[in-house]
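The values are calculated or read from the model by the stated rules, or taken from the named source; none is laboratory data. None of these values were measured; they are calculated from a predicted model. Neighbour counts run over all protein chains shown; Cβ positions are idealised from the backbone, glycine included.
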Amino acid sequence: MNPNKQIVVVGGGFAGTTLVGELERRLPPGYQVVLISEESYTTFNPMLAEVVGASVFPEHVVAPIRQMLDASRGTQFIMGRVVAVDRERRIVSASTLAGLREIAYEHLVFAFGTRANLDLVPGLAQHALPLKLVGDAMFIRNRVLQRVASIELQADAQERARLGHFVVIGGGFSGVEVAGELEDFLHGALRFYPRVQRSELRVTLLHDQDRLLPELPESLGRAAARSLAGRGIDVRLGTRASEVTAQGVTLSNGEALAAGTVICTIGTRPNPLVERLGVALQRGRIETETDLRVRGASDLWAIGDCAFVRNQAADGAVAPPTAQFAIAQAHQLARNLVDVLASRPTRAFGHVSKGMMATTGHLKGVAQAYGLRLSGLPAWLLWRAYYLSRMPTLGRKFRIWVEWTWGMFFAADITHLRFTRTQDAEREALAP
């Protein structure tokens, strides 16, 4: 394969994998797509809250990247981390399992998303649990089970109340979803912990704006708040956390909330690679032209959460960092890259939102789709159907559908999974 006819895509999320799939179908003969990703799978981040609440298994929220590619078309997947880009030589340097590798490109696409930012509130990095990765979701789930088990062994009433208090910071999609899932999970698990009282388990949601889910219509934000509050969740609007400690959260008004677990769903920061690229940035994201080309470059492009893209269908407003817009950008960029290779003019990115959805717990949700507003079970089913449609291969879709259907009628799994290797278990057994 001619290295000068390679389209290299960095990032295996929604944007990157969708782009590769489109390019496989559209590229002229002789061109090859190379996808570089630090992970071997795509994470369906909007479903991480359901992993916390054991509504789904961890493997339900990931899709193997290799299953999403068409190797028969010459597409190559490289599991590695890009450490440098030589724009003069058109070379990408990636740290891989086989050492440092250099990959040549004709066009290079950045689609690597963002990282969690734990510097927004003092003590957040030390004492709060972020929800950004599958590992985060599993860790939070285990911590929740540990806290409930600890209450059974604790005699002090004040400490029991602290251990059973779970505080979620952020009232956006992730915050609302994890608060709802957490409440339902605790309610369902309680019957297996006979020495814990229902009144000893509480969930508090902190949001510094006047309503939840500001990306959705106000009526749906209000509906989400009612759904959460109706199940006993303490929804505090216009409330900001000023410090997180080992004992809980201090609010900006000076009030202290004693809590055993604090979950953070706010804040993102750029991938460290961004600062090494030497490209124009806006709010920590790569600034693009209207056709998704990196500003000031002819062979660099950016889409997804890492890109600062203006939506021409919304009077130039900045496109939100959601899966829907990442996928739409990928489709447009595929067309633009093919046009560039054929010496045709490119087109500006424009996308009209088809709607947005959020769950508020097991079998509960709010949604706006094509102007129709839904809440409760219909919204939840629509939300599940959308993400199921994004899964690769018919066999995987069917298996997940069967397990999801089973989970609608039976209690959530309360297994505390410890990923302990034999050597670690032996060391623990021998410790005094």
Next on the checklist: If Gly376 meets every condition in (1) touching a strand residue (DSSP E or B) at 6+ places or on another chain (Cβ under 9 Å); (2) under 30 Å from Arg26 (Cα atoms); (3) not assigned by TED's automatic domain parsing to the domain that holds Val56 apart from one, which number is that one?
Outcome noted: (2)
Checklist entry - Out of curiosity, is Ala411 surrounded by fewer than 16 Cβ atoms within 10 Å (Cβ to Cβ) and either under 20 Å from the mean Cα position of the chain (by Cα) or closer than 27 Å to Gly12 by Cβ (or both)? => result no
Item to check | Residue check for Ala334: surrounded by fewer than 17 Cβ atoms within 10 Å (Cβ to Cβ), among the small types (Gly, Ala, Ser), touching a residue at least 24 places away in the same chain (Cβ under 8 Å) and touching an Asp or Glu at 6+ places or on another chain (Cβ under 8 Å) | outcome: no
Checklist entry - With respect to Glu22, is the statement that it is modelled with pLDDT of 95 or more and under 20 Å from Leu388 (Cα atoms) true? => result yes
Checklist outcome for this item: Checked the stretch 17-42 for anything crowded, with 22+ Cβ neighbours inside 10 Å, closer than 18 Å to Thr393 by Cα and touching a Gly at 6+ places or on another chain (Cβ under 8 Å); matches are Thr42
Checklist entry - When the stretch 362-396 is examined, which residues are found to be basic (Lys, Arg) and under 21 Å from Thr42 (Cβ atoms)? => result Arg384, Arg390, Arg396
Item to check | Of residues in the stretch 352-406 being charged (D, E, K, R) and touching a residue at least 12 places away in the same chain (Cβ under 8 Å), the one nearest to Pro320 (Cα to Cα) | outcome: Lys354
Checklist entry - Looking only at strands (runs of 3 or more DSSP E) that fall completely inside the stretch 49-158, which ones have 2 or more residues that are over 18 Å from the mean Cα position of the chain (by Cα) and either surrounded by fewer than 18 Cβ atoms within 10 Å (Cβ to Cβ) or at positive phi (or both)? => result 76-86, 91-96, 99-104
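Matching residues to (1) under 28 Å from Leu213 (Cβ atoms); (2) in the same structural domain as Gly172 (by TED's automatic domain parsing); (3) basic (Lys, Arg); (4) at pLDDT below 90:
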residue: Ala369; (1), (2), (3), (4): yes, yes, no, yes
residue: Leu382; (1), (2), (3), (4): yes, yes, no, no
residue: Thr393; (1), (2), (3), (4): no, yes, no, yes
residue: Arg399; (1), (2), (3), (4): no, yes, yes, yes
residue: Arg418; (1), (2), (3), (4): no, no, yes, yes
residue: Gln423; (1), (2), (3), (4): no, no, no, yes
Next on the checklist: I'd like to verify a number: residues in the stretch 248-303 that are of a type in the set (Lys, Arg) and modelled with pLDDT of 95 or more, how many?
Outcome noted: 2
Next on the checklist: Given the criteria basic (Lys, Arg), farther than 30 Å from Leu145 by Cα and without any contact (Cβ under 8 Å) to a residue 40 or more places away in the chain, does Arg101 qualify?
Outcome noted: yes
Checklist entry - How many of the residues in the stretch 242-261 are part of a strand (DSSP E or B) and more than 26 Å from the chain's Cα centre (by Cα)? => result 5
Checklist outcome for this item: Filtering helices (runs of 4 or more DSSP H) wholly in the stretch 295-409 for at least 3 residues that are in contact with a Phe, Trp or Tyr (Cβ under 8 Å, 6 or more places away or on another chain) gives 323-341, 377-390
Next on the checklist: Can you pull out every residue in the stretch 158-207 that is over 17 Å from Gly361 (Cβ atoms) and of a type in the set (Asp, Glu)?
Outcome noted: Glu159, Glu200
Checklist outcome for this item: For the stretch 268-290 the number of residues that are surrounded by fewer than 19 Cβ atoms within 10 Å (Cβ to Cβ) and in a loop (DSSP other than H, G, I, E, B) is 6
Checklist entry - Among Arg231, Arg202, Arg283, which is touching a His at 6+ places or on another chain (Cβ under 7 Å) and touching a residue at least 24 places away in the same chain (Cβ under 8 Å)? => result Arg202
